[in-house]
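Heads up, the thing below is written out as structure tokens.
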Amino acid sequence: MTSRTGTTTGLPQPRLAVLEGVLERITYANEENGYTVARVDTGRGGGDLLTVVGSLLGAQVGESLRMEGRWGSHAQYGKQFTVENYTTLLPATIQGIRRYLGSGLVKGIGPVFADRITEHFGLDTLRVIEEEPKRLIEVPGLGPKRTKKIADAWEEQKAIKEVMVFLQGVGVSTSIAVRIYKKYADASISIVKNEPYRLAADVWGIGFLTADRIAQSVGIPHDSPERVKAGLQYALSQSTDQGHCFLPEEQLISDAVKLLQVDTGLVIECLGDLAQDPEGVVREQVPGPDGEPLTGVYLVPFHRAELSLAGRLKRLLRADEDRMPGFADVDWAKALGWLKERTGTSLATEQEEAVRLALTRKVAVLTGGPGCGKSFTVRSIVELARAKKAKVVLAAPTGRAAKRLAELTGAEASTVHRLLELKPGGDAAYDQDRPLDADLVVVDEASMLDLLLANKLVKAVPQGAHLLFVGDVDQLPSVGAGEVLRDLLAERSPVPAVRLTRIFRQAQQSGVVTNAHRINSGVPPITQGLSDFFLFVEDETEDAGRVTVDVAARRIPAKFGLDPRRDVQVLAPMHRGPAGAGTLNGLLQQAITPARPELAEKRFGGRTFRVGDKVTQIRNNYEKGANGVFNGTVGVVTALDLVDQKLKVLTDEDEEVDYDFDELDELAHAYAVTIHRSQGSEYPAVVIPVTTGAWMMLQRNLLYTAVTRAKKLVVLVGSRKALGQAVRTVSAGRRCTALDHRLGGIG
């Protein structure tokens, strides 16, 4: 294995020493750089374990290691060994082989089969697995299926190890090395050496910065055009993660020069080359924030999607055919009278307008805040459409929102992803060539629709059908690029819309609804004298984090009888910091799903997964589940198999999904989530830390979105100063999109 050398200083370095031992436990591992703190058994007897620290990239519990490094001492942990490089040794004793195989290193072999295999083959065990794996069938209980599985897992483990050995010098994490191998198999090392920037495009979890580090280590020049083009595309990709569909050309050039540390002339030249490449970038004149034209630079998929979405919406609006012709000349007084008899409630004037609009115009938008009757209006639209035998299709961006829509209307609803049957690679089974069988398509929580998903959805709406977008435009925009709902409501947009503004009397009695509207108007919420809205004042961020955990895990369940895992959600403005979602997840897990001797658990990177854990998917994975599992899907861990190295999650769409242990970087704990990740979901109770530690994130639409996630109860924890900042601060600046411009254009 290649040696990883440390930096030298003027001080004499301790001499390089060699240590051999069995890796017993990994107490900490940084998945990003491979830095590990572990305990090894050096065979000295007495059960003593020694602490080793350093890069143990790819080392697995149960393996025998030969480590080179230096002895040192830690103030708290005493004597320890700092590893600079290591090689794996195959164990040479029966006991060592048994522990090696029983550690979960090889899928399909747990402690029971490790005992049986070593009992049968003795010291010859590892040679048999390596050279004559078919002989494993001789072991009682090992059938052909499991034998093949063990042989395949052994081969894969060997091949991945080879890739890891090569990657160790550039500090690529274990999970990413596994992904590189799964993507390219035997071509892995060749691609990493010769085309490292491909990794950023092809392998999830590898961005430009990691690919750049690898490229430097394999000798690709700093000013290579390949590097500059990859850097430009990375800068644009980063901007789409911030919600922008394009960047102004001047800003992109300036960002790229800063990122790449190369001459401006070279960046301009490479940008010109990319603009000539059909799969590179698109440059186009678009209106800037002040209305003056500027040159926008798009990644190709976002430019295509923006053009396509605008064009298709305009075609739907102008379509001559109508799949619900019965509403063109309906007697509205009679229809609304029938509706009142059926529901027992009259519609307000603006609700009536929304119902007429949805049923007579091909594309329409219904927006408004909580308590303004959006849900009842949608139910009324669906009731009338179904009375005329129309085929109604209901969808929402998240599983929870789809469930809520189904409960509200009494009709089936699904996520947009499931509705379109998205396939591996992101293509949809339903599109312009195979449209949905629908007369009316209703999409709830439309503020969450990003540009790419909205385009896929609109492509699948048949000509003549009616499409209704429903959502609260004052909430945070989508996590993905674009501001689709806001653009549909823009002044120049041809899409008709109704905004519900009247708060109904029943909703006025809710402190949650009242305070949501106060916050949205820039007025501080009422925090005293309400039975469903509270503020616990904690000026220090650390104290606010501690109290947030106590409120969510103990106080709310005790006072209101709510389940802390199912009914209570902590929503944090940001991920980092003492009151951020990352720290709070660790503390909430300790409080709600603590470690128990009989409870299986799997440590992965810095996280530990247990049965009962609340988790969320953090990337779109089209390969998982029936129709993919998508960023933001929440579920509970229901099973954890240390032998087959799998974990099972029951999602909030009631689907059981398997994860291999090497896929666990796709999951994060979800006892606490960022407010951005909570969009489209609704919870009986939410707890929101509002602290000065999250100063940069404290904005009105962020707090408003968090409060509107609660059905029954909101608890704020933090300082009045931070709360005031959040209420006062209007979100800075619009995203760079040109959908409203394209919608307003002729043609």
Please go through (1) part of a helix (DSSP H, G or I); (2) open to solvent by 30 Å² or more (accessible area, probe 1.4 Å); (3) farther than 20 Å from A722 by Cβ for R518 and return the number of the only condition it doesn't satisfy. (3)
All but one of (1) buried (at least 21 other Cβ atoms within 10 Å of the Cβ); (2) under 28 Å from M67 (Cα atoms); (3) of a type in the set (D, E) hold for E155; state the number of the condition that does not hold. (1)
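Residues are listed down the side, and each one gets a yes or a no for (1) at pLDDT 75 or above; (2) of a type in the set (K, R):
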site	(1), (2)
I26	yes, no
G34	no, no
R39	yes, yes
L50	yes, no
G54	yes, no
R70	yes, yes
G78	yes, no
F81	yes, no
Looking at region 595-603, is at least one residue open to solvent by 10 Å² or more (accessible area, probe 1.4 Å) and touching a helix residue (DSSP H, G or I) at 6+ places or on another chain (Cβ under 8 Å)? yes
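So which of F534, F630 ends up being closer than 30 Å to V473 by Cβ and in contact with a His (Cβ under 6 Å, 6 or more places away or on another chain)? Spell out how you get there, then give the answer.
Details: F534 fails: in contact with a His (Cβ under 6 Å, 6 or more places away or on another chain).
One residue alone meets the criteria, F630.
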Give the residues of region 573-594 that are open to solvent by less than 20 Å² (accessible area, probe 1.4 Å) and of a type in the set (A, V, I, L, M, F, W, C), sorted by residue number. A579, A581, L584, L588
If I filter region 568-587 down to residues being assigned to a helix (DSSP H, G or I) and either of a type in the set (V, I, T) or more than 20 Å from the chain's Cα centre (by Cα) (or both), which single residue comes out as farthest from V479 (Cα to Cα)? L587
Please go through region 477-494 and pick out each residue that is among the hydrophobic types (A, V, I, L, M, F, W, C) and surrounded by 21 or more Cβ atoms within 10 Å (Cβ to Cβ). A481, V484, L485, L488
Take V513 and tell me if it is free of Cβ contacts under 8 Å to residues at least 60 places away in the same chain, surrounded by 22 or more Cβ atoms within 10 Å (Cβ to Cβ) and over 30 Å from T737 (Cα atoms). no
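Among the residues of region 241-253, which ones are part of a loop (DSSP other than H, G, I, E, B), out of contact with any Lys or Arg (no Cβ under 6 Å at 6 or more places or on another chain) and either open to solvent by less than 20 Å² (accessible area, probe 1.4 Å) or among the basic types (K, R) (or both)? Reasoning before the result, please.
Kept after step one, since they are part of a loop (DSSP other than H, G, I, E, B), are these residues of region 241-253: 242-246.
If we keep only those that are out of contact with any Lys or Arg (no Cβ under 6 Å at 6 or more places or on another chain) as well, we get 242, 245-246.
Of everything in region 241-253, those that are part of a loop (DSSP other than H, G, I, E, B), out of contact with any Lys or Arg (no Cβ under 6 Å at 6 or more places or on another chain) and either open to solvent by less than 20 Å² (accessible area, probe 1.4 Å) or among the basic types (K, R) (or both) turn out to be C245, F246.
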Checking A595 against (1) part of a helix (DSSP H, G or I); (2) without any contact (Cβ under 8 Å) to a residue 60 or more places away in the chain; (3) under 31 Å from the mean Cα position of the chain (by Cα), which single condition isn't satisfied? (1)
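Return the only residue of K388, K423, K374 being at pLDDT below 95, among the charged types (D, E, K, R) and under 17 Å from F327 (Cβ atoms). Full working, then the answer.
Details: K423 fails: under 17 Å from F327 (Cβ atoms); K374 fails: under 17 Å from F327 (Cβ atoms).
Exactly one residue qualifies, and that residue is K388.
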Hits in region 598-618 - residues which are within 19 Å of V649 (Cβ to Cβ), part of a loop (DSSP other than H, G, I, E, B) and not β-branched (V, I, T): L599, A600, G605, G612, D613
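Here is a yes/no grid of residues against (1) closer than 22 Å to P221 by Cα; (2) in contact (Cβ under 8 Å) with a residue 40 or more places away in the chain; (3) open to solvent by less than 70 Å² (accessible area, probe 1.4 Å):
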position	(1), (2), (3)
V267	yes, no, yes
D273	yes, yes, no
P278	no, no, no
P287	no, yes, yes
P293	no, no, no
L299	no, yes, yes
H303	no, yes, yes
L307	no, yes, no
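Take the conditions touching a residue at least 40 places away in the same chain (Cβ under 8 Å) and either part of a loop (DSSP other than H, G, I, E, B) or open to solvent by 50 Å² or more (accessible area, probe 1.4 Å) (or both) and apply them to R283. Does it pass?
Working: touching a residue at least 40 places away in the same chain (Cβ under 8 Å): no; either part of a loop (DSSP other than H, G, I, E, B) or open to solvent by 50 Å² or more (accessible area, probe 1.4 Å) (or both): yes.
Considered against the rule, which asks whether it is touching a residue at least 40 places away in the same chain (Cβ under 8 Å) and either part of a loop (DSSP other than H, G, I, E, B) or open to solvent by 50 Å² or more (accessible area, probe 1.4 Å) (or both), R283 comes out as no.
Taking only region 547-564 into account, find how many residues are in contact with a Pro (Cβ under 9 Å, 6 or more places away or on another chain), surrounded by fewer than 18 Cβ atoms within 10 Å (Cβ to Cβ) and part of a helix (DSSP H, G or I).
Taking region 547-564 as the starting set, the residues that turn out to be in contact with a Pro (Cβ under 9 Å, 6 or more places away or on another chain) are 547-548, 552-554, 556-557, 560, 562-564.
From the residues that got through so far, the ones that are surrounded by fewer than 18 Cβ atoms within 10 Å (Cβ to Cβ) too are 554, 560, 563.
Narrowing the set further to residues that are part of a helix (DSSP H, G or I) leaves 554, 560.
Result for region 547-564: 2.
Within region 334-375, count every residue that is small (G, A, S), part of a loop (DSSP other than H, G, I, E, B) and buried (at least 19 other Cβ atoms within 10 Å of the Cβ).
Here is the first cut: in region 334-375, the ones small (G, A, S) are 335, 337, 344, 346, 348, 354, 358, 364, 368-369, 371, 373, 375.
Among the residues that remain, those that are also part of a loop (DSSP other than H, G, I, E, B) are: 344, 346, 348, 369, 371, 373.
In the following step, the residues that additionally are buried (at least 19 other Cβ atoms within 10 Å of the Cβ) were identified as 369, 371, 373.
Qualifying residue count, region 334-375: 3.
Find the helices (runs of 4 or more DSSP H) located wholly in region 93-167 whose residues include 3 or more that are closer than 30 Å to K193 by Cβ and within 36 Å of the chain's Cα centre (by Cα), and list them.
On the way: elements: 94-102, 111-121, 125-131, 144-167.
Per the criteria, 144-167.
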If you go through region 422-440, how many residues are in contact (Cβ under 8 Å) with a residue 24 or more places away in the chain and either over 15 Å from V461 (Cβ atoms) or hydrophobic (A, V, I, L, M, F, W, C) (or both)? 9
With the structure loaded, tell me whether Q95 is surrounded by fewer than 20 Cβ atoms within 10 Å (Cβ to Cβ) and farther than 23 Å from E138 by Cβ or whether it fails that test. no
With respect to V139, determine if the residue is among the β-branched types (V, I, T), at pLDDT 85 or above and in contact with a His (Cβ under 7 Å, 6 or more places away or on another chain). yes
Which pairs have Cβ atoms under 7 Å, sit 6 or more apart or on different chains, and link a residue in region 531-558 that is free of Cβ contacts under 8 Å to residues at least 60 places away in the same chain and of a type in the set (G, A, S) to one that is in a helix (DSSP H, G or I) and surrounded by fewer than 18 Cβ atoms within 10 Å (Cβ to Cβ)? A553/A591
If you take the residues of region 201-240 that are under 19 Å from Y181 (Cβ atoms), aliphatic (A, V, I, L, M) and open to solvent by 40 Å² or more (accessible area, probe 1.4 Å), which of them is modelled with the lowest pLDDT? A201
Within region 604-630, restricting attention to residues that are free of Cβ contacts under 8 Å to residues at least 60 places away in the same chain and either on the phi > 0 side of the Ramachandran plot or touching a Pro at 6+ places or on another chain (Cβ under 6 Å) (or both), which residue is surrounded by the most Cβ atoms within 10 Å (Cβ to Cβ)? G625
Determine which member of the set D331, D322 is at negative phi, among the charged types (D, E, K, R), open to solvent by 60 Å² or more (accessible area, probe 1.4 Å) and out of contact with any helix residue (DSSP H, G or I) (no Cβ under 6 Å at 6 or more places or on another chain). D331
Out of the residues in region 315-333 that are touching a Leu at 6+ places or on another chain (Cβ under 7 Å) and assigned to a helix (DSSP H, G or I), which is modelled with the lowest pLDDT? F327
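The values are calculated or read from the model by the stated rules, or taken from the named source; none is laboratory data. Quick caveat: nothing in here was measured; it's all calculated off a predicted structure. Glycine also receives a Cβ, built like all others from the backbone with ideal geometry; neighbour counts cover every protein chain displayed. To get the accessible areas, we keep the full protein, side chains included, count just its heavy atoms, and leave off ligands, DNA and RNA. Shrake-Rupley method; radii C 1.70, N 1.55, O 1.52, S 1.80 Å.
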